[in-house]
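**Student:** Provided herewith is a single structure, encoded as structure tokens, for subsequent inquiry.
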Amino acid sequence: MRQVWDVGPPVQKPRAVLTALADRANEGGECYPSIALIQQMLCMSKRTVLRALKYLEEEGWIEIDRRATIYDDKARGNLYYINLEKLGIAAGKNIVPLPRKKEKVG
């Protein structure tokens, strides 16, 4: 989901975590990577990932279905839903990218 780079959160670490979630998400914006996998992907501490997830949830970028229960002797991880509407991926919304600085030539 390239839109994370264009219209994603304005804060660096939450944007990186949202990008990692988007990398694992299906077309409906659902994914279920473990915290450990996100840590590994982004070279971040567990605490940093958890803070970023909290920020993303509070700001409406994601919803978290906390499924951390024991079922058939297996722990079930969280299910993450990316807010596609906030990224402009719904109902034919046009995405307006963030302005980029022009490079100086010469």
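The values are calculated or read from the model by the stated rules, or taken from the named source; none is laboratory data. Keep in mind that this is a model prediction, so the values were computed, not measured. Reconstructed Cβ throughout: ideal geometry from the backbone, glycine too, with neighbour counts over all protein chains shown.
**Student:** Name the residue that is surrounded by the fewest Cβ atoms within 10 Å (Cβ to Cβ), counting only residues in region 1-18 that are touching a Phe, Trp or Tyr at 6+ places or on another chain (Cβ under 7 Å) and modelled with pLDDT under 95. Give the derivation first.
**Tutor:** If we filter region 1-18 for residues that are touching a Phe, Trp or Tyr at 6+ places or on another chain (Cβ under 7 Å), which is where we start, we get 9, 11, 14, 18.
Checking which are modelled with pLDDT under 95 leaves us with 9, 11.
On the way: PRO9: 20, VAL11: 14.
Going through the qualifying residues, I end up with VAL11.
**Student:** Taking the options GLU30, GLU58, name whichever one is at pLDDT 95 or above, surrounded by fewer than 18 Cβ atoms within 10 Å (Cβ to Cβ), of a type in the set (Asp, Glu) and closer than 19 Å to GLU85 by Cα.
**Tutor:** So the residue among GLU30, GLU58 that is at pLDDT 95 or above, surrounded by fewer than 18 Cβ atoms within 10 Å (Cβ to Cβ), of a type in the set (Asp, Glu) and closer than 19 Å to GLU85 by Cα is GLU58.
**Student:** Here are the criteria: (1) at pLDDT 95 or above; (2) touching a Leu at 6+ places or on another chain (Cβ under 7 Å). Tell me which single one CYS43 does not satisfy.
**Tutor:** (2)
**Student:** Take region 64-84 and flag every residue that is among the acidic types (Asp, Glu) and either within 16 Å of GLY8 (Cβ to Cβ) or at pLDDT below 90 (or both).
**Tutor:** ASP72, ASP73
**Student:** Are any residues in region 1-30 polar (S, T, N, Q) and in a loop (DSSP other than H, G, I, E, B), and if so, which ones?
**Tutor:** Selection gives ASN26 alone.
**Student:** Filter region 85-106 down to the residues that are among the hydrophobic types (A, V, I, L, M, F, W, C) and modelled with pLDDT under 60 and list them by number.
**Tutor:** Result: ALA90, ALA91, ILE95, VAL96, LEU98, VAL105.
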